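Rule-based calculations on the coordinates, nothing more; no lab input. Please read these numbers as outputs of a predicted model, since none were measured by experiment. Methodologically, a virtual Cβ is constructed for each residue, glycine included, from the backbone with ideal geometry; neighbour enumeration extends over all protein chains shown.
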Amino acid sequence: MSENKNNKKEGRRIRTLDPMHYVGPYLMTSRVGSSNYFSGKLDVEIAEEYIKQKKEQGFKDFSMMHLFLAAFVRVYSQHPEMNRFIRGRRIYARNGIDILITIKKEMKLNAADTVVKLHFEPTATAEDVYKIVNEAIETAKNESGDFDETVGLLCKLPRFVMRGFAGILNVLDFYGLMPKSLVDISPFHGTLVITSLASLGIPPVYHHLYEFGNVPLFFAFGRRYNEYVNQADGSVKKCKFMDYRITCDERIADGHAYSVAIRYMNHLVRNPEILDNPPEKVVEDIP
């Protein structure tokens with residue numbers, strides 16, 4: 001089967017990969033089975049001061065979520081190999097930056113969850129990210145999303161019909177034949193999923209990757225906490241830290257590429273003023 005022309009906008013096939021990357025998806029067919037796990041700790045004292053400044057400038061809801069989103073958008077603008085995905089055992093370069101976040105419509109235990117899919121230009125600044133995120137969240141809280149409505153209809157089907165429908169979707173997805181209208185609203189197709197457990201006051205988790213769809217990376221961050229750190233002069237300083245966890249599909253890029261990208265993300269969070277300006281250039285992925 002050939003790829004659906006309506007779906008080509010999601011990405012383009014990379015044809016200049018080395019042999020190891022080419023055969024990887026054939027030997028490691030499961031996304032979960034191809035997952036690597038990484039944990040990190042960030043000193044967020046400078047980040048918190050930056051967030052405070054943003055709030056004083058009128059961005060009243062600016063938070064660590066906005067900062068992480070802006071940092072990842074910048075990472076993808078400079079390290080496009082992180083923005084690849086696998087479909088039908090082949091590796092593609094994604095044409096856009098589509099990041100997914102899960103929100104509660106109300107901060108209540110039984111409140112409905114919904115997934116917000118955010119599209120960013122690689123030149124986006126922290127303020128651009130803030131505006132896009134807040135507009136999308138406000139819309140999601142006040143309206144039923146297209147995906148929620150679609151799933152609500154499917155849930156009314158008998159189980160054997162649902163199983164058959166899910167099987168058809170998997171086949172269509174494998175060959176790139178899913179309608180673009182479904183891909184555009186799907187929480188299983190995108191660059192990255194970010195989840196915050198800070199508001200729940202618990203540490204981050206290693207979130208599994210989805211077998212369906214093509215999301216290659218999950219990023220979870222937890223609550224802030226204090227830790228006493230020995231200084232070079234022998235004194236002790238109380239510092240603010242935040243833990244994060246990453247689950248990634250090792251088939252889209254090698255370990256060196258992942259390590260460089262993660263270090264760059266850490267650098268941006270520690271030096272957030274960089275995100276106030278667009279990048280000097282946007283790097284394109286290989287042909």
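Listed values, structure above:
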| read-out | value |
| --- | --- |
| Cut-off 19 Å, label 7 Å out along Cα→Cβ of residue 23, residues of the range 241-273 by amide N | 250-255 |
| Cα long-axis angle, helix 126-142 against the chain (0 to 90 degrees, to the nearest 10) | 60 |
| 222 nm mean residue ellipticity, helices alone, for the chain (DSSP H n ≥ 4; -39,500 (n - 2.57); rounded to 500) | -11000 deg cm²/dmol |
| Distribution of pairwise C-alpha distances over the range 117-191, 10 Å bins, in % | 15, 38, 29, 15, 3 |
| Of 34, 63, 235, the one that fluctuates the most in a GNM where the chain has Cα springs shorter than 10 Å | 235 |
| The range 157-275: C-alpha gyration tensor shape, a/c 1.5 cut-off, then a/b vs b/c | prolate |
| Positive-end residue, the chain charge dipole about Cα centroid, Cβ charges, pick of 168, 20, 67 | 168 |
| Residue 165-residue 239 pseudo-label distance in nm [points 7 Å out on the Cα-to-Cβ vector] | 5.1 |
| Selected from 17, 177, 69 as most flexible by GNM, with the chain as the system and alpha-carbon contacts under 10 Å | 17 |
| Stretch gain in nm, segment residue 257-residue 226, where the contour uses 0.36 nm per residue and the Cα spacing is subtracted | 8.0 nm |
| Sites residue 142 and residue 205 - FRET efficiency at Förster radius 22 Å, r taken between beta-carbons, to 0.05 | 0.15 |
| Folded to 0 to 90 degrees: helix 45-56 orientation relative to the chain principal axis, Cα | 80 |
| For a label point 7 Å along the Cα-to-beta-carbon line of residue 273, residues of the range 116-140 with backbone N under 18 Å | 125-127 |
| Subset of 9/281; 117/180; 54/240; 55/281; 9/117; 60/117 violating a 24 Å alpha-carbon distance limit | 55/281 |
| Which label in [x] 1.15; [y] 1.05; [z] 0.97 gives the computed Cα Rg over 2.2 N^0.38 Å | [y] |
| Label zone at residue 131 (point 7 Å along Cα-to-Cβ), backbone N below 13 Å, the range 52-66 | 59 |
